Amino acid sequence: MTFKVYIPARYDSTRLPGKALADLGGRTLLEHVYRRALASGAAEVVIATDDARIAACAEGFGATVCMTSPAHQSGTDRIAQAAALRGESPEAVIVNLQGDEPFMPAAVIRQVAAALAADPQVDIATVCEPVDTLAQWQDPNVVKVVRDVRGRALYFSRAAIPHPRDGDHEWSSRGPFYRHVGIYAYRCDFLQRFVRWAPATLETLERLEQLRALCQGAVISVPTALEPCGVGIDTPADLAHARRLMAAG
């Protein structure tokens, strides 16, 4: 199986500006993500950005960089342009690894690529993890997913789904409650089609881009992650927590 990893990275993050260049244990956040991607066995790792500071940093640690438009609204749009600029073949498997996931296991990066490559009917592969607590299940910042018997997505939501008819007291960590982890694999031709589709109403309501694909009838494979995926970095508190984890080894 051959796949490539594209890492979208921007400087002007709303909640944590410049986070891609934030120090985490002596390396930038971006370099940690890049090293995770390299360890996955990807044929190539590309950082897609619109910022000269990020490009200079990435080139400094040896990464391949593709400069993209500053107008992109999402990382998906950014990597789609980068893949087009670099002439990726329609059947190329592209893994979209967010630039704020410094703890993403290499095994999970390979897993999403393998899940896509294994089934020609699948348009997108991603992963999920069990929800551990009632608070996590109820948190709108934690995206939940429900799946069919084949492990394909039925729906993604910020709401607490599936919702027990008899109320939250029926919640159990042993139940079918999963959080979605934002890593994706696509074939390049599907990626280019996806970014041309207009945002779906459900996508706009939930602020979840993957609902655009479901509304278009796409098949999304969502296996349970082979290893814990760690924490993403969205806020100063997240960064402080990640620094504590890094310091603890």
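Nothing in this text is a laboratory measurement; each read-out follows from the coordinates by a stated rule. This structure is a prediction, so every number in the text was calculated from the model and none was measured. Because the Cβ atoms are built from the backbone with ideal geometry, glycine has one as well, and the counts that use them run over all protein chains shown.
Numerical summary
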read-out: Placed amide H near Tyr155: partners under 5 Å, 5+ positions off or other chain; value: Val146
read-out: Amide H contacts of Val46 (H built 1.01 Å from N, under 5 Å, at least 5 apart or other chain); value: Val5, Tyr6, Ile7
read-out: Net charge of Cβ neighbours under 13 Å - reference Arg35; Lys, Arg +1; Asp, Glu -1; value: 0
read-out: Fraction in percent of alpha-carbon pairs per bin - 10 Å, the range 29-146; value: 12, 38, 35, 14, 1
read-out: Shape category assigned to the range 94-152 from the gyration tensor of Cα positions, a/c cut at 1.5; value: oblate
read-out: Ala247 paired with Thr224, simple spin-label distance in nm, labels 7 Å along Cα-to-beta-carbon; value: 3.4
read-out: Selected from Ala22, Ala125, Ala106 as most flexible by GNM, with the chain as the system and alpha-carbon contacts under 10 Å; value: Ala22
read-out: Global form of the range 1-86, assessed from the alpha-carbon gyration tensor, a/c cut-off 1.5; value: oblate
read-out: Pairwise FRET efficiency - Met67 versus Ala198, Cβ, R0 = 30 Å, nearest 0.05; value: 0.70
read-out: Computed log₁₀ I(q)/I(0) - Debye formula, equal Cα scatterers, no solvent, the range 150-249, q 0.15 Å⁻¹; value: -0.87
read-out: Rg(Cα)/(2.2 N^0.38 Å) for the chain, N = residue count; value: 0.98
read-out: Residues with amide H under 5 Å from that of Val131, placed H, sequence gap 5 or more; value: Phe177, Tyr178, Arg179
read-out: Electrostatic dipole magnitude of the chain [Cβ: Lys, Arg +1; Asp, Glu -1; Cα centre; debye, to 20]; value: 120
read-out: Under the Karplus curve 6.51 cos²θ - 1.76 cosθ + 1.60, θ = phi - 60°, whole-Hz ³J(HN,Hα) for the range 214-230, x wherever Gly or Pro sits; value: 4, 5, 8, x, 5, 9, 10, 8, 10, x, 6, 4, 5, 9, x, 8, x
read-out: Residue-by-residue Karplus 3J(HN,Hα) for the range 95-102, coefficients 6.51, -1.76, 1.60, Hz, glycine and proline x; value: 9, 8, 9, 4, x, 10, 10, x
read-out: Residue-by-residue Karplus 3J(HN,Hα) for the range 76-81, coefficients 6.51, -1.76, 1.60, Hz, glycine and proline x; value: 5, 4, 5, 6, 5, 5
